[in-house]
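Comments concern the structure below.
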Amino acid sequence: MRLLFYAFLVALVITLLGACNKNDNFFPEKIKLTVKLNHVIDGNPLVFDTLVFFNEAGNNYEITRLEYYISNIKLHSDFLGDYESNDIIYVDAANPESCSFTLNNVPSGKYNSISYTIGIDSIRNVSYYLPNTNENIGMAWPDGMGGGYHFLKLEGHYLYNTVSTGFAIHLGSNPFQVNGSFNQEFMLGYNPYQIKMEMNVNEWFKNPITYNLQTDGNYTMGSALLMNKIRVNGHDVFTLKNN
Amino acid sequence: MKTKFVLFFSLIIITTAILYSCKKENLEEGMTASETPLTPYTISSPNYMPQLHIPADNPLTVEGIELGRKLYYDTILSNSGISCSSCHFQSYAFSNPTVNSLPHMNLAWNNKFLWIGSEEGVLENAMIFEVEDFFQTDISKLNNHNSYPGLFKRVFQTTNITAHHVAYALAQFVRTQVSINSKFDQYLRYETMLTPSEMNGFVIYNSERGDCFHCHTLGLFNDNNFHNIGIDSIFAGQNKGRYNITLDSTDLGKFKTPSLRNVELTAPYMHDGRFSTLEQVVEHYNSQVKITPSLDPILTKPNHQFGLQLNNQEKADLVAFLKTLTDTSFITNQALSNP
């Protein structure tokens with residue numbers, strides 16, 4: 001027993017010493033950052049299955065499904081340099097649990113911008129790359145169309161000549177990976193370390209291209225032209241909100 | 001400061017280690033006190049099937065599965081001389097050609113049960129419904145039986161059988177009704193080739209052309225979700241579907257996506273068995289989709305068209321592909337038959 005105790009002590013001292021060596025520059029403090037994702041339509045909370053929203057082109061629409069992957073999240077700080085996360089996060093806007101995630105070992109301090117990918121980079125956007133959860137399997141992008149995963153599923157109905165008609169905005173395959181960013185200063189200074197990123201769904205339908213479900217198209221899968229319009233619009237879907 | 005911390009930390013580790021070893025001893029004592037341990041059973045499946053979650057309070061054991069199997073085929077559960085197997089025939093993938101029952105296969109991976117999702121969560125919940133509400137099993141018959149009390153005691157360490165135990169045993173057996181050896185699985189394992197027609201059907205199925213994969217997801221061939229696929233333009237009675245549970249008009253006409261594995265064997269089709277052939281089902285998706293506000297968005301095709309506009313050859317190809325999902329080793333598996 002006593003022997004065991006000393007063995008533990010020695011092992012511990014060694015690990016602790018090792019840790020000290022590594023953390024030469026002890027500051028800034030590394031923190032665990034909670035990122036909350038919020039989904040709105042021009043400032044109104046996203047309520048599913050209610051035909052009350054309008055986009056830039058004037059389409060009266062509702063959303064029945066909003067799922068996507070967000071990855072390659074990069075926090076940029078003029079002082080501290082870049083913090084990059086390797087995580088691929090699956091989000092189902094209808095499931096609050098999936099709308100929050102944490103980033104570990106983020107240096108505390110002042111940041112100037114955030115960039116992110118909606119989708120998955122080409123190296124990892126390979127069929128069966130992600131763990132085979134129900135969610136990931138449901139996001140599979142057909143092998144015949146390039147394989148990997150859906151980056152975005154935005155589905156719903158809109159009034160087409162007064163008839164409620166479906167639309168399915170799907171993105172997948174790496175030419176259509178969305179690279180987005182925003183320049184907004186924020187401080188990770190005190191507990192709780194948390195930031196809130198807000199997606200305005202209407203940004204998918206505007207800036208720079210005003211996307212009209214009626215004249216551009218209600219169904220993007222299989223159309224490089226339509227997927228590209230949505231991809232281009234995706235660069236500014238997120239902004240940072242004060243908590 | 002540092003030494004104090006080290007001391008404190010090692011104390012914690014040591015205490016935990018000691019506590020842990022004590023706990024293990026207790027556990028071993030408990031084990032020796034009862035009979036020989038039950039034999040664990042694992043289900044292995046390819047990575048195109050979702051991860052399997054088995055509830056911690058009902059681990060699979062060979063003995064539990066055998067008990068569930070016996071119950072599944074035993075009329076003792078009902079008060080009218082029928083058993084589960086009276087409506088769920090193995091030769092039809094545990095469905096029934098006259099009743100529009102749902103087949104029993106790969107339910108281990110499901111979390112919504114029955115056509116309108118009256119039961120959700122784990123399979124145990126669905127089984128409790130079957131035993132308590134559907135069969136209204138008279139449990140005293142089991143408690144007074146000459147062999148069941150011994151079997152339940154062995155599996156669940158109980159001397160008083162309850163509906164809960166019956167449901168748990170059934171759930172164990174139903175979890176082993178696994179079908180992952182169809183021609184299509186063999187194709188995915190590079191063991192066989194699809195014919196040109198089957199292959200063409202697969203391409204239609206798994207692309208925006210037919211767009212079946214969004215709901216009948218490859219692997220499980222369902223998505224654990226509810227959809228209105230436009231078979232009705234007005235909804236009455238049972239055709240209101242999921243609405244009858246939620247009373248939410250956006251759920252009108254929505255039903256659980258059925259798995260398409262063994263679909264060749266599970267006619268008649270749809271929740272009310274309205275179609276008797278796969279050709280009729282494909283024709284529905286091709287040209288008969290009814291437009292209502294709750295129609296699934298996926299069924300509005302490019303250019304606001306409803307229906308797939310497939311020609312006769314393409315329709316035949318799609319049916320040929322669906323038939324590659326038949327798993328003959330499943331319907332002849334001795335381990336699943338009447339014991």
Query raised in the report: Could you give every pair whose Cβ atoms fall below 7 Å, whose first residue belongs to the range A:42-55 and is farther than 16 Å from A:Glu203 by Cβ and within 14 Å of another protein chain (Cβ to nearest Cβ), and whose second residue is assigned to a loop (DSSP other than H, G, I, E, B) and among the small types (Gly, Ala, Ser), counting only separations of at least 6 or pairs across chains?
Result: A:Phe48/A:Ala94
**Report entry** From the options B:Phe202, B:Phe221, residue that is open to solvent by less than 60 Å² (accessible area, probe 1.4 Å), within 22 Å of B:Met270 (Cα to Cα) and assigned to a helix (DSSP H, G or I)
**Finding:** B:Phe202
Requested in this report: Taking the options B:Phe202, B:Phe255, name whichever one is of a type outside the set (S, T, N, Q) and either more than 19 Å from B:Lys290 (Cβ to Cβ) or within 14 Å of chain A (Cβ to nearest Cβ) (or both).
Outcome: B:Phe202
Query raised in the report: Picking from A:Ser98, A:Ser108, which residue would you name as being open to solvent by less than 30 Å² (accessible area, probe 1.4 Å), more than 21 Å from A:Tyr68 (Cβ to Cβ) and touching a strand residue (DSSP E or B) at 6+ places or on another chain (Cβ under 6 Å)?
Result: A:Ser108
Report summary line: Of A:Ile114, A:Ile169, the only residue that is under 26 Å from B:Ser294 (Cα atoms), of a type in the set (Val, Ile, Thr) and either open to solvent by less than 10 Å² (accessible area, probe 1.4 Å) or modelled with pLDDT of 95 or more (or both) is A:Ile169
Query raised in the report: What about A:Ala93, is it under 30 Å from B:Lys290 (Cβ atoms), in contact with an Asp or Glu (Cβ under 8 Å, 6 or more places away or on another chain) and more than 14 Å from chain B (Cβ to nearest Cβ)?
Result: yes
Query raised in the report: Only one of (1) within 23 Å of A:Gly180 (Cα to Cα); (2) at the interface with chain B (Cβ under 8 Å from one of its Cβ atoms); (3) among the charged types (D, E, K, R) is not met by A:Arg124, so which one is it?
Result: (2)
Query raised in the report: Got a sec? Which of B:Ile82, B:Ile116, B:Ile65 is crowded, with 19+ Cβ neighbours inside 10 Å, in contact with a helix residue (DSSP H, G or I) (Cβ under 9 Å, 6 or more places away or on another chain) and not in a helix (DSSP H, G or I)?
Result: B:Ile116
Requested in this report: Could you please give the count of residues in the range B:260-316 that are surrounded by fewer than 19 Cβ atoms within 10 Å (Cβ to Cβ), part of a helix (DSSP H, G or I) and hydrophobic (A, V, I, L, M, F, W, C)?
Outcome: 1
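Listed here are the residues, each with its yes/no results for (1) free of Cβ contacts under 8 Å to residues at least 12 places away in the same chain; (2) closer than 26 Å to A:Met227 by Cα.
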| position | (1), (2) |
| --- | --- |
| B:Arg209 | no, yes |
| B:Asn239 | no, no |
| B:Pro268 | no, no |
| B:Pro293 | no, yes |
| B:Gln305 | yes, yes |
**Report entry** In the range A:200-243, residue most open to solvent (accessible area, probe 1.4 Å) [restricted to those that are in a loop (DSSP other than H, G, I, E, B) and of a type in the set (Val, Ile, Thr)]
**Finding:** A:Thr215
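The values are calculated or read from the model by the stated rules, or taken from the named source; none is laboratory data. As the structure is a computational prediction, the values presented were derived from the model and not from experiment. So basically every Cβ, Gly included, is an ideal-geometry build from the backbone, and we count neighbours across all protein chains shown. Side chains are part of the model used for accessible areas, which takes the heavy atoms of the whole protein and leaves out ligands, DNA and RNA. Shrake-Rupley method; radii C 1.70, N 1.55, O 1.52, S 1.80 Å.
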